[in-house]
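Written below as structure tokens is the structure these notes are about.
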Amino acid sequence: MDSFISHWFKATLTRISPRLNTEVVYLTKFHKRINLKDPKTLDEKIQWLKLNWYPNTPLVSQCADKYAVREYVESCGCPEILNELYFAYDTVEEIEWDKLPNSFVIKWNFGCGQNLIVRDKSKLDIEDAKRKLKGWYRTHNTFYLPYSEMQYRPIPPKLIVEKLIETEDGLPPVDYKLYCFRGEADCVLVCLGRGNGEHTTYYFFNRKGDLLRYNKTGKAAPEGFRLDPMPENFAKLFDYAEKLSKPFPFVRADFYLEKGQVIFGELTFTPCGGMDVNRLPQTQEYFGNKVALPKI
């Protein structure tokens, strides 16, 4: 109930004023007032961008759209990193279930964590799947509200069916999330332990696989901790991230890397709603210094 009230309260504040909601949520997250007049930290600058630049920059909304971003990736000369797209639909009723392969993932082009993963279609309860997808669809007009993520507001809903990416052990692939500043990929946040029953951990690494103690998890890591073994074609993640991030003051470029193949995930403009309390204060300032805000 508390989470529902919190969601409802933040959504209501956004409808009144996205800036007001941003100020209130930031205060509750960081226990201090946000500086929007002269932002310094990464999260302060993300909040400034989402209020002042994202709503007036159609390319940001296109790239926040998990379907429309494919066209942008192709325009950057990187079609080879796109995951295989089986079908795209406007409504749940259009899905031709008999034409889908035995395994796939289906999701809306907005939202987060709302993925219907199907490993064996013969075991799929199609009516239950429809109910889930319709339930997620109902969040389309409200998804952006809790954190006033204005870049999502113009996105027209689209269902996309893609190839299911798994490791040889049948586990979800490792996520590689690169922090990029106007075409410079500074570092990568690697998500370890996802889907194997362990607690997911998040570590920052540089291009050489050396640990960067940028967040609370990294700060607590033992001496000598690093990315080992180094994934095949790890350096290519940085190359692709830099190609895709050139137009943006900041963006997180997300990829998978399976058997040496780089697979594009998405472009994320407001990680954690632009309020990541796991980053260390000095990291917030370090990243913030790298973000050159555009003139409005």
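The values are calculated or read from the model by the stated rules, or taken from the named source; none is laboratory data. What you see is a predicted model, and the numbers here were worked out from it, not measured in a lab. Positions of Cβ are backbone-derived with ideal geometry, glycine not excepted, and every protein chain shown enters the neighbour counts. Areas reflect the complete protein model, heavy atoms only, side chains present, ligands, DNA and RNA absent. Shrake-Rupley method; radii C 1.70, N 1.55, O 1.52, S 1.80 Å.
Looking for something out of contact with any Leu (no Cβ under 8 Å at 6 or more places or on another chain) and either in a strand (DSSP E or B) or acidic (Asp, Glu) (or both) - is there at least one such residue anywhere in region 193-205? Even if it seems obvious, please write down each step before you answer.
Taking region 193-205 first, the residues out of contact with any Leu (no Cβ under 8 Å at 6 or more places or on another chain) are 193, 197-199.
Narrowing the set further to residues that are either in a strand (DSSP E or B) or acidic (Asp, Glu) (or both) leaves 198.
Yes: one or more hits.
When region 227-246 is examined, which residues are found to be open to solvent by 30 Å² or more (accessible area, probe 1.4 Å) and either in a helix (DSSP H, G or I) or farther than 18 Å from Glu80 by Cβ (or both)?
Listed by number, the residues that qualify are Asp228, Pro229, Met230, Ala235, Lys236, Asp239, Tyr240, Glu242, Lys243, Lys246.
Do you know which residues across region 88-137 are open to solvent by 60 Å² or more (accessible area, probe 1.4 Å) and within 17 Å of Pro157 (Cβ to Cβ)?
Asp90, Glu93, Glu94, Cys112, Gly113, Asn115, Arg131, Lys132, Lys134, Tyr137
Name the one entry in Gly224, Gly170, Gly218 that is more than 18 Å from the chain's Cα centre (by Cα), small (Gly, Ala, Ser) and open to solvent by less than 20 Å² (accessible area, probe 1.4 Å).
Values: Gly224 fails: open to solvent by less than 20 Å² (accessible area, probe 1.4 Å); Gly170 fails: open to solvent by less than 20 Å² (accessible area, probe 1.4 Å).
Gly218 is the lone residue from the list that is more than 18 Å from the chain's Cα centre (by Cα), small (Gly, Ala, Ser) and open to solvent by less than 20 Å² (accessible area, probe 1.4 Å).
Can you give me the number of residues within region 247-279 that are of a type outside the set (A, V, I, L, M), closer than 24 Å to Thr217 by Cα and not in a loop (DSSP other than H, G, I, E, B)? Walk me through how you get there before you give the answer.
Applying the first criterion (of a type outside the set (A, V, I, L, M)) to region 247-279 yields 247-250, 252, 254-256, 258-261, 264-266, 268-274, 276, 278-279.
With closer than 24 Å to Thr217 by Cα added as a condition, the list becomes 250, 252, 254-256, 265-266, 268-274, 276, 278-279.
Then keep just the ones that are not in a loop (DSSP other than H, G, I, E, B); that gives 252, 254-256, 265-266, 268, 271-274, 279.
Result for region 247-279: 12.
Can you name the residue in region 238-296 that is small (Gly, Ala, Ser) and at negative phi and is also farthest from the chain's Cα centre (by Cα) among such residues?
Kept after step one, since they are small (Gly, Ala, Ser), are these residues of region 238-296: 241, 245, 253, 260, 265, 273-274, 288, 292.
Next, from what is left, pick out any that are at negative phi: 241, 245, 253, 265, 288, 292.
Numbers: Ala241: 14, Ser245: 14, Ala253: 8, Gly265: 8, Gly288: 19, Ala292: 21 Å.
Looking at the filtered set, the residue picked out is Ala292.
If Leu178 passes every condition in (1) in a strand (DSSP E or B); (2) open to solvent by 30 Å² or more (accessible area, probe 1.4 Å); (3) not polar (S, T, N, Q) but one, which one does it miss?
Single failed check for Leu178: (2).
Within region 138-149, can you find the residues that are more than 17 Å from Val69 (Cβ to Cβ) and surrounded by 21 or more Cβ atoms within 10 Å (Cβ to Cβ)?
Passing the criteria: Leu145, Tyr147, Ser148.
Here are some residues: Glu44, Glu71. Which one is open to solvent by 20 Å² or more (accessible area, probe 1.4 Å) and within 22 Å of the chain's Cα centre (by Cα)? Don't jump to the end; show me each part of the working.
Details: Glu44 fails: open to solvent by 20 Å² or more (accessible area, probe 1.4 Å).
Going through Glu44, Glu71 in turn, just one is open to solvent by 20 Å² or more (accessible area, probe 1.4 Å) and within 22 Å of the chain's Cα centre (by Cα): Glu71.
Which one of these is surrounded by 18 or more Cβ atoms within 10 Å (Cβ to Cβ) and either of a type outside the set (Phe, Trp, Tyr) or within 19 Å of the chain's Cα centre (by Cα) (or both): Asn21, Asn83, Asn52, Asn56?
Values: Asn83 fails: surrounded by 18 or more Cβ atoms within 10 Å (Cβ to Cβ); Asn52 fails: surrounded by 18 or more Cβ atoms within 10 Å (Cβ to Cβ); Asn56 fails: surrounded by 18 or more Cβ atoms within 10 Å (Cβ to Cβ).
Just one listed residue meets the conditions, Asn21.
If I ask for residues that are of a type in the set (Gly, Ala, Ser) and either in contact with a Leu (Cβ under 8 Å, 6 or more places away or on another chain) or free of Cβ contacts under 8 Å to residues at least 60 places away in the same chain (or both), which ones from region 147-192 would you list? Step through it out loud before you land on a result.
Initially, region 147-192 is screened for residues of a type in the set (Gly, Ala, Ser), giving 148, 170, 183, 185.
Within region 147-192, Ser148, Gly170, Ala185 qualify.
Out of Glu162, Glu184, I need the residue that is acidic (Asp, Glu) and in contact with a helix residue (DSSP H, G or I) (Cβ under 7 Å, 6 or more places away or on another chain). Which one? First the steps, then the outcome.
Details: Glu162 fails: in contact with a helix residue (DSSP H, G or I) (Cβ under 7 Å, 6 or more places away or on another chain).
None of the others qualify; the one that does is Glu184.
For Val188, indicate whether it is crowded, with 19+ Cβ neighbours inside 10 Å and β-branched (Val, Ile, Thr).
Working: crowded, with 19+ Cβ neighbours inside 10 Å: yes; β-branched (Val, Ile, Thr): yes.
Spelling it out, Val188 is indeed crowded, with 19+ Cβ neighbours inside 10 Å and β-branched (Val, Ile, Thr).
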